[in-house]
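Any read-out appearing in this document is the output of simple, stated calculations on the displayed coordinates, not a laboratory observation. Being a predicted model, the structure only gives us computed values, none of them experimental. Virtual Cβ from ideal backbone geometry, glycine too; neighbours counted across all protein chains shown.
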Amino acid sequence: MPVMERELGIAKADLGLFLTLHGLLYGVSKMVNGVIGDHSHARTFMVTGLVLSAIANTLFGLSTATIAFGVLWMLNGWFQGMGYPPCGRLMAHWIPPKELATKMPSWNASTNIGAGAVVVLCGYLISTFEDWRLCFFCACHSGHALRSWLMVYSARHTAMGWAARSIGGQDQSR
């Protein structure tokens with residue numbers, strides 16, 4: 001953050017506002033997109049959120065205007081909130097109820113582990129290459145890699161040992 005403040009002339013108050021609004025929109029997005037996601041194809045919905053977040057990260061890394069930063073940061077919070085609803089839904093349908101108590105906490109902890117890894121990676125990128133923009137480009141590429149995995153491998157969840165459970169005669173894996 002100090003590098004961004006210095007290079008772009010963004011005030012700490014602006015960064016604080018962006019972070020606050022990002023968190024707020026992320027939470028609202030999880031709620032609103034949970035309702036929308038219940039009526040959507042889960043994999044497609046998650047991939048859409050990943051692609052939009054990757055695009056926002058690319059634009060974020062390319063932008064230099066404070067207002068663009070703010071808008072993109074908030075949009076990215078919304079797009080990131082599109083991931084939890086379909087993921088939680090798919091896990092509940094693919095994993096037997098007796099195993100959910102052990103698998104869900106591991107999945108939930110993975111977000112914190114990932115956030116910690118991002119801090120380490122960004123610290124390395126900034127200290128080695130002296131370019132904070134690489135952090136956002138790296139996030140973009142990670143999003144596209146995960147999107148590719150979701151499109152290719154999760155389509156074959158039964159081949160990976162994940163059997164979709166039928167609820168009320170409907171396949172809930174979509």
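Annotations for the structure displayed:
- Gyration tensor verdict on segment 1-69 (Cα atoms; rounded if a/c is under 1.5, prolate if a/b is larger than b/c, oblate otherwise): oblate
- Simple rule: put +1 on each Lys or Arg Cβ and -1 on each Asp or Glu Cβ in the chain, find the dipole, and look at Gly37, Pro96, Thr64; the Cα lying farthest toward the positive end is Pro96.
- Each listed q (0.08, 0.12, 0.17, 0.20 Å⁻¹) maps to a log10 I(q)/I(0) for the chain, found by the Debye formula over equal Cα scatterers with no solvent: -0.29, -0.63, -1.12, -1.43.
- Net length available on complete extension from Leu62 to Thr20 is 12.9 nm, with 0.36 nm assigned per residue and the Cα-Cα distance removed.
- Phi to ³J(HN,Hα) by Karplus 6.51 cos²θ - 1.76 cosθ + 1.60 over segment 114-121, Hz, x for Gly, Pro: x, 5, x, 5, 5, 4, 5, 4
- Label point distance in nm, Val32-Thr102, each placed 7 Å from Cα along Cα→Cβ: 3.9 nm
- With R₀ set to 30 Å, the beta-carbon distance separating Thr48 from Glu5 gives a calculated FRET efficiency near 0.40.
- Between the listed residues Asn108, Phe129, Ile10, the Cα displaced farthest toward the positive end of the dipole of the chain, a dipole computed from Cβ unit charges relative to the Cα centre, is found at Asn108.
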